[in-house]
Amino acid sequence: MNHPKKPLLLHFLLTAHLSLLCAGFIGGQTVTFHVINKCPFPVWPATAANVGHPVLADGGFSLPSGQGRRVQAPPTWNGRFWARTGCDFTSTSKPACQTGDCNGILACNGTIGLPPATLVQVTLQPDKSKPSFYDVSVVDGYNIPVSVSTMPADLKCFIGGCSKNPNGLCPPELQVLNKNGSVIACKSACLAFNLDVFCCRNAYGTPGTCKPTMYSKVFKEACPSYFSYAYDSPPPLVNCYSKDYVITFCPSKWGGSQHLPI
């Protein structure tokens, strides 16, 4: 009997093995991020590592609607994930993406994205005695919703999406528009005005002096489980150890699905 799917499976396994080998993970523990796109449009997820940590998945890749990809990381990796939208890498014009662009290239290779973009920030720890930290931040602004969970799912380890669309609530002075005049992202007040009072710096650089503003409250109302400004309190930071995390762009109300398409 013929088994036409075996070569594809073998190819996937060999590719995964070579990817791990090239990243230097063979023989050591790894953490898997299951990145899922539930948006009704394609996104281009991107990663950027903190100083001293390796770039994951070349820093960026394409992810069609309804698809997912597994991204391997060392057990002590620190960095961020975000989604780029409206990208066209066939054009010579920059930026190539309407939101979250990184120098107009698909593989960001560690380059930080252009805000505003919703950020997943991660600090992994190698064992259960030191739980990993992660959060979702709109401190620099928002483009699309994202949820984060462990696998198997644990409610105390879950960061949900947004109950409202911040782009729909975004004040005109914070809006990012596409060529058709539609709101595709919402800047933070810090990004829009570059003032100390909004950026929590200098005289406003402590939790006691930097308070919520009318602008940060727009984000907090729409996405209560996200960091809406630098000293958001109580800090919406999750501490959970896992070997598998699920990052879902455009989740349902209760966040990421445990169905993980390859």
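If only residues of the range 117-169 that are in a loop (DSSP other than H, G, I, E, B) and in contact with a helix residue (DSSP H, G or I) (Cβ under 6 Å, 6 or more places away or on another chain) are counted, the one that is least open to solvent (accessible area, probe 1.4 Å) is Val138. Selection of the range 186-209 for residues being open to solvent by less than 50 Å² (accessible area, probe 1.4 Å) and assigned to a loop (DSSP other than H, G, I, E, B) yields Ser188, Cys200, Gly205.
Residues that are touching a helix residue (DSSP H, G or I) at 6+ places or on another chain (Cβ under 8 Å), modelled with pLDDT of 95 or more, in a helix (DSSP H, G or I) and not charged (D, E, K, R) are absent from the range 175-185.
If we keep just the residues of the range 210-232 that are of a type in the set (D, E, K, R) and in contact with a helix residue (DSSP H, G or I) (Cβ under 8 Å, 6 or more places away or on another chain), which is surrounded by the most Cβ atoms within 10 Å (Cβ to Cβ)?
Within the range 210-232, the first condition is being of a type in the set (D, E, K, R), and the residues that meet it are 211, 217, 220-221, 232.
Within this subset, residues satisfying the condition of being in contact with a helix residue (DSSP H, G or I) (Cβ under 8 Å, 6 or more places away or on another chain) are 221, 232.
Working: Glu221: 14, Asp232: 22.
It comes out as Asp232.
If a residue has to be in a loop (DSSP other than H, G, I, E, B) and touching a Lys or Arg at 6+ places or on another chain (Cβ under 7 Å) to count, how many in the range 82-102 make the cut?
So the first thing to find is which residues in the range 82-102 are in a loop (DSSP other than H, G, I, E, B), and the list is 86-98, 100-102.
Subsequent filtering for residues that are touching a Lys or Arg at 6+ places or on another chain (Cβ under 7 Å) retains 97, 100-101.
Within the range 82-102, residues that are in a loop (DSSP other than H, G, I, E, B) and touching a Lys or Arg at 6+ places or on another chain (Cβ under 7 Å) number 3.
Per the listing Arg84, Arg80, the residue uniquely within 16 Å of the chain's Cα centre (by Cα), modelled with pLDDT of 95 or more, at negative phi and open to solvent by 30 Å² or more (accessible area, probe 1.4 Å) is Arg80.
Pick from Val31, Val71: which is surrounded by 15 or more Cβ atoms within 10 Å (Cβ to Cβ), under 17 Å from Leu119 (Cβ atoms) and modelled with pLDDT of 95 or more? I'd like the intermediate steps shown before the answer.
Working: Val31 fails: under 17 Å from Leu119 (Cβ atoms).
On inspection, the qualifying residue turns out to be Val71.
Residues that are β-branched (Val, Ile, Thr) and in contact with a Leu (Cβ under 6 Å, 6 or more places away or on another chain) within the range 53-91 comprise Val71, Thr76, listed in sequence order.
The values are calculated or read from the model by the stated rules, or taken from the named source; none is laboratory data. All values reported here derive from a predicted model rather than from experimental measurement. Heads up, the Cβs are rebuilt from the backbone with ideal geometry, glycines too, and the neighbour counts pull from every protein chain shown. Each accessible area value is taken on the protein alone, full model and side chains, heavy atoms only, with ligands, DNA and RNA left out. Shrake-Rupley method; radii C 1.70, N 1.55, O 1.52, S 1.80 Å.
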